[in-house]
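Quick notes on the structure that follows.
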Amino acid sequence: MDEQEFKNRADAALESLYKKLSSASDEFGFEPDFNSGALAVEFDEPKGKFVVSPNAPVRQIWVSAHSRSFKLDWDEQRQSFVLPETGQSLTELMSSVIGRQIGQQVTL
């Protein structure tokens, strides 16, 4: 995939995730912010911040959460960004890390 195709896919994935996060933010008590191509999710209790951003040179979306960096690759078959180690999509991964942060199950 070339850089423009990656940018289009990453932008679409982050916009979709932002909409899902915005819908769930009041219920679960976090604040999503989509700015300059990166998506941040901030928590008051317990205090924390996750960042989701595209990394064009390696054609991945990176998620920084719980002192870890998760690197998702494009899966052509699933037409989405997927974490190779677990097979989780971007939305599934974010549901998991947010749930861990707030101590309850989250479905985005």
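Miscellaneous remarks
- Between 0 and 90°, nearest 10: helix 90-102 axis offset from the chain longest Cα axis: 20
- Across region 3-102, C-alpha contacts under 8 Å between residues 6 or more apart give a mean separation that, scaled by the residue count, equals a relative contact order of 18 percent.
- Between 0 and 90 degrees, the angle of helix 3-28 with respect to the longest Cα principal axis of the chain falls at about 10 degrees.
- Ellipticity estimate at 222 nm from DSSP helix runs (n ≥ 4, -39,500 (n - 2.57)) divided over the chain, nearest 500: -12500 deg cm²/dmol
- Annotation: amide H of GLN60 within the under-5 Å range of ASN55, sequence separation 5 or more or interchain, hydrogens built in the peptide plane.
- Scalar couplings 3J(HN,Hα) for region 73-83, obtained by applying the Karplus form with A = 6.51, B = -1.76, C = 1.60 to θ = phi - 60°, are 9, 6, 10, 4, 5, 8, 6, 7, 7, 9, 7 Hz; x denotes Gly and Pro.
- Read-out Rg/Rh (Cα atoms, Kirkwood Rh), derived from the coordinates shown; its label in (1) 1.05; (2) 0.95; (3) 1.10: (2)
Values quoted throughout were computed directly from the atomic coordinates according to the rules given, and no laboratory measurement underlies them. Note that the structure is predicted; figures quoted are calculated from it, not measured.
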